[in-house]
Amino acid sequence: MLFLLSPAKSLDYDTPVPDGLPATQPHFEAPRGPSVELIRLLREKSPQQVGELMHLSDKLSALNVARYAAWSAKSTDRNAKQAALAFDGDVYGGLDAKSLSAAQLGWAQDHLVILSGLYGVLRPLDRLQPYRLEMGTPLANRHGKDLYAFWGARIAEYLNERAAADRSPVVINLASQEYFRAVDRRVLKARVIECVFEDWKNGQYKIISFFAKRARGLMARWAVLHKAGTPRKLEGFDLEGYAFAPAASTPERLVFRRKTA
């Protein structure tokens, strides 16, 4: 069973990496691979063009132009950091990878997949260089007008390869719509199950973005801690007050609700 996560805009390269933690190379980061092709396209753009393309401030535009210039086709311990530790923000606050043991990170490496506009897919221990390229960015390329056209069927084919050993392949979608759209459902062979997190507000249960993002990370963490291998096991998720809501769920859509005082 594979769990899909979105990346984060915020990055943390200041917190030290635990001694002895292994690092792996991203799947699509070959010298002539897709990630290099995207970096070349981005390097052709001025700070102003990057800002307009990604709706960034002048300061962030300049920062990311510098990141593209510094990006290398070969990630190392000097220029990169393990993805699950480098990504910051709500989802990764929930995952809290830095508190996981080496064995737990090893399980995560085999079961968590982070979708990425630049890298396509990342495992938690894959080396991540600083970048910003959201999947919804309309970056024209030789495949089409945006990154969905660029990645095409490649991400789904990768997931098929990863899930090939499972008798009944299942993908648990904890990613946003923007990122999951990059998975070609016509190509993907696995069954897809979505996890939905709702909080009680103004007399009803609803999805509240900040809480839902953190809950996606919490679910990934719970799966790692419990080595969740079946959709049924996920029904036991109970972190930070959430509980499975069977009446609101379907086999393809697991709903978890929380009602705080």
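The values are calculated or read from the model by the stated rules, or taken from the named source; none is laboratory data. All figures in this text were calculated on a predicted structure; none of them were measured in a lab. Positions of Cβ are generated from backbone atoms using ideal geometry, with glycine treated the same way; all protein chains shown enter the neighbour counts.
Among the residues of the stretch 64-92, count how many are crowded, with 17+ Cβ neighbours inside 10 Å, under 14 Å from the mean Cα position of the chain (by Cα), at negative phi and not aliphatic (A, V, I, L, M).
Within the stretch 64-92, the first condition is being crowded, with 17+ Cβ neighbours inside 10 Å, and the residues that meet it are 64-65, 67-68, 71, 75, 80-87, 89-92.
Applying the additional criterion that residues be under 14 Å from the mean Cα position of the chain (by Cα) yields 82-87, 89-92.
Among the residues that remain, those that are also at negative phi are: 82-87, 90-92.
With not aliphatic (A, V, I, L, M) added as a condition, the list becomes 82, 87, 90, 92.
Qualifying residue count, the stretch 64-92: 4.
Residues in the stretch 14-26: is at least one under 20 Å from ASP146 (Cβ atoms) and part of a loop (DSSP other than H, G, I, E, B)?
Quick first cut of the stretch 14-26, residues under 20 Å from ASP146 (Cβ atoms) only: none.
Taking every residue of the stretch 14-26 in turn, none turns out to be under 20 Å from ASP146 (Cβ atoms) and part of a loop (DSSP other than H, G, I, E, B).
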Would you be able to say whether some residue in the stretch 86-93 is modelled with pLDDT under 95, over 21 Å from MET1 (Cα atoms) and of a type outside the set (D, E, K, R)? yes
Which of (1) more than 30 Å from VAL196 (Cβ to Cβ); (2) in a loop (DSSP other than H, G, I, E, B) does ALA8 not meet, given it meets every other one? (1)
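Results for (1) of a type in the set (Val, Ile, Thr); (2) over 19 Å from THR250 (Cβ atoms), shown as yes or no for each residue.
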{"site": "LEU159", "(1), (2)": "no, yes"}
{"site": "ALA164", "(1), (2)": "no, yes"}
{"site": "SER168", "(1), (2)": "no, no"}
{"site": "ILE172", "(1), (2)": "yes, no"}
{"site": "GLU178", "(1), (2)": "no, yes"}
{"site": "ARG186", "(1), (2)": "no, yes"}
{"site": "ARG191", "(1), (2)": "no, no"}
{"site": "LYS201", "(1), (2)": "no, yes"}
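At pLDDT 95 or above, loosely packed, with under 15 Cβ neighbours inside 10 Å and under 17 Å from ALA83 (Cα atoms): does that describe ASP12? Spell out the reasoning first.
Details: at pLDDT 95 or above: yes; loosely packed, with under 15 Cβ neighbours inside 10 Å: yes; under 17 Å from ALA83 (Cα atoms): yes.
Considered against the rule, which asks whether it is at pLDDT 95 or above, loosely packed, with under 15 Cβ neighbours inside 10 Å and under 17 Å from ALA83 (Cα atoms), ASP12 comes out as yes.
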Check whether at least one residue in the stretch 37-47 is in contact (Cβ under 8 Å) with a residue 60 or more places away in the chain and touching an Asp or Glu at 6+ places or on another chain (Cβ under 8 Å), and report yes or no. no
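Can you tell me which of PHE244, PHE180, PHE211 is in contact with a Phe, Trp or Tyr (Cβ under 8 Å, 6 or more places away or on another chain) and within 27 Å of ASP110 (Cβ to Cβ)?
Details: PHE180 fails: in contact with a Phe, Trp or Tyr (Cβ under 8 Å, 6 or more places away or on another chain); PHE211 fails: within 27 Å of ASP110 (Cβ to Cβ).
Sole residue among the options that is in contact with a Phe, Trp or Tyr (Cβ under 8 Å, 6 or more places away or on another chain) and within 27 Å of ASP110 (Cβ to Cβ): PHE244.
Got a sec? Which of GLY229, GLY241 is free of Cβ contacts under 8 Å to residues at least 24 places away in the same chain and over 15 Å from LEU95 (Cα atoms)?
Details: GLY229 fails: free of Cβ contacts under 8 Å to residues at least 24 places away in the same chain.
When all the criteria are applied, what remains is GLY241.
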